[in-house]
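The values are calculated or read from the model by the stated rules, or taken from the named source; none is laboratory data. These numbers come from a predicted model, not from an experiment. All Cβ positions, glycine included, derive from the backbone under ideal geometry; neighbour counts span all protein chains shown. Side chains included, ligands, DNA and RNA excluded: accessible areas come from the protein's heavy atoms. Shrake-Rupley method; radii C 1.70, N 1.55, O 1.52, S 1.80 Å.
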Amino acid sequence: MAYDDIKAKPMTSLDAARKFEITCSSCNLREMCLPGGVCVDDLLRVENIVYARRRVKRGEALFKAGDEFNAVYAIRSGFFKTSFIDDEGREQVTGFFMGGELLGMDGIGGGRYNGHATALEDSEVCVMPFGLIEQMSREVPSLQRHLHSVLAREIVRDHGVMMLLGSMRAEERLATFLLNLSRRFVRRGYSSSDFHLRMTREELGSYLGLKLETVSRLFSQFQKDALIEVNQKHVRILDIAGLERVLAESAK
């Protein structure tokens, strides 16, 4: 099935995407993506929801706040940030996303994307028109259940961010972020303790609700305490248990 086979409005955000043969079954990130909850028998049908792949250069916006919602994007490679821009032009970073994760779900309710999604490095996404997702969900109940699961996961993530910003001290926020990033890399088959931060410290501070000076001070303190080793954007976690103790001690 091609996108033109269903009656829907043309999608301007697909202009940079190119239709070609794509198979979810051969993708090593499938289990973390939208088709991940679908049985093998239905997978060949479900993978038709992927209309195209689109390359997004570093610094380029995948979509912007207010753009018409027409597709959900699965990150095949690369790294993105999501953010809002306030009336005074200040950016508030709301999340960081990597391979296997979905972007654009916030547009389902209102028909427009609520924030910006910007590539932090050269990236590639799978374009999944929401009209096709809805049609395929009616035909494959397991896809609909998994879509609901993904939406629930987004709600839990948002609640986690609220807790992070509302009740944690500065060192807890950074420790939580590094531990969460470590677990996400492990799920993708990467090292749990050795990775590059694709975001700037300003962007990280915006996400964590911390000033740039505080972020820099915490990285220096964690390095002094032999919890991590930092070389510009390269981070090596030396003591995962130590980072966990930062949270445990604060909870006492």
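Quick notes
- Any chance Gly100 is of a type outside the set (Lys, Arg), within 12 Å of the chain's Cα centre (by Cα) and on the phi > 0 side of the Ramachandran plot: yes
Here's the yes/no breakdown for (1) touching a Cys at 6+ places or on another chain (Cβ under 8 Å); (2) part of a strand (DSSP E or B); (3) open to solvent by 50 Å² or more (accessible area, probe 1.4 Å); (4) among the acidic types (Asp, Glu):
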| residue | (1), (2), (3), (4) |
| --- | --- |
| Arg153 | no, no, yes, no |
| Ser192 | no, no, no, no |
| Leu204 | no, no, no, no |
| Arg217 | no, no, yes, no |
| Gly242 | no, no, no, no |
| Glu249 | no, no, yes, yes |
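- For the residues Val230, Val235, the requirement of being loosely packed, with under 15 Cβ neighbours inside 10 Å, in contact with a strand residue (DSSP E or B) (Cβ under 9 Å, 6 or more places away or on another chain) and within 15 Å of Leu181 (Cβ to Cβ) singles out Val230.
- If you filter region 107-130 down to residues that are touching a residue at least 24 places away in the same chain (Cβ under 8 Å) and open to solvent by 60 Å² or more (accessible area, probe 1.4 Å), you find that the one that is farthest from Gly66 (Cα to Cα) is Asp122.
- Of all residues making up region 54-94, the number that are in contact with a Lys or Arg (Cβ under 7 Å, 6 or more places away or on another chain) and surrounded by 17 or more Cβ atoms within 10 Å (Cβ to Cβ): 5
- Thr214 meets the conditions (1) touching a residue at least 24 places away in the same chain (Cβ under 8 Å); (2) touching a Phe, Trp or Tyr at 6+ places or on another chain (Cβ under 6 Å) in every case but one. The failed one is (2).
- Failed condition for Arg183, given (1) open to solvent by less than 20 Å² (accessible area, probe 1.4 Å); (2) assigned to a helix (DSSP H, G or I): (1)
- Hey, Ser142 more than 25 Å from Gly209 (Cα to Cα) and within 13 Å of the chain's Cα centre (by Cα) or not: no
- Filtering region 198-219 to residues that are under 20 Å from Leu238 (Cα atoms) and hydroxyl-bearing (Ser, Thr, Tyr) leaves only Ser216.
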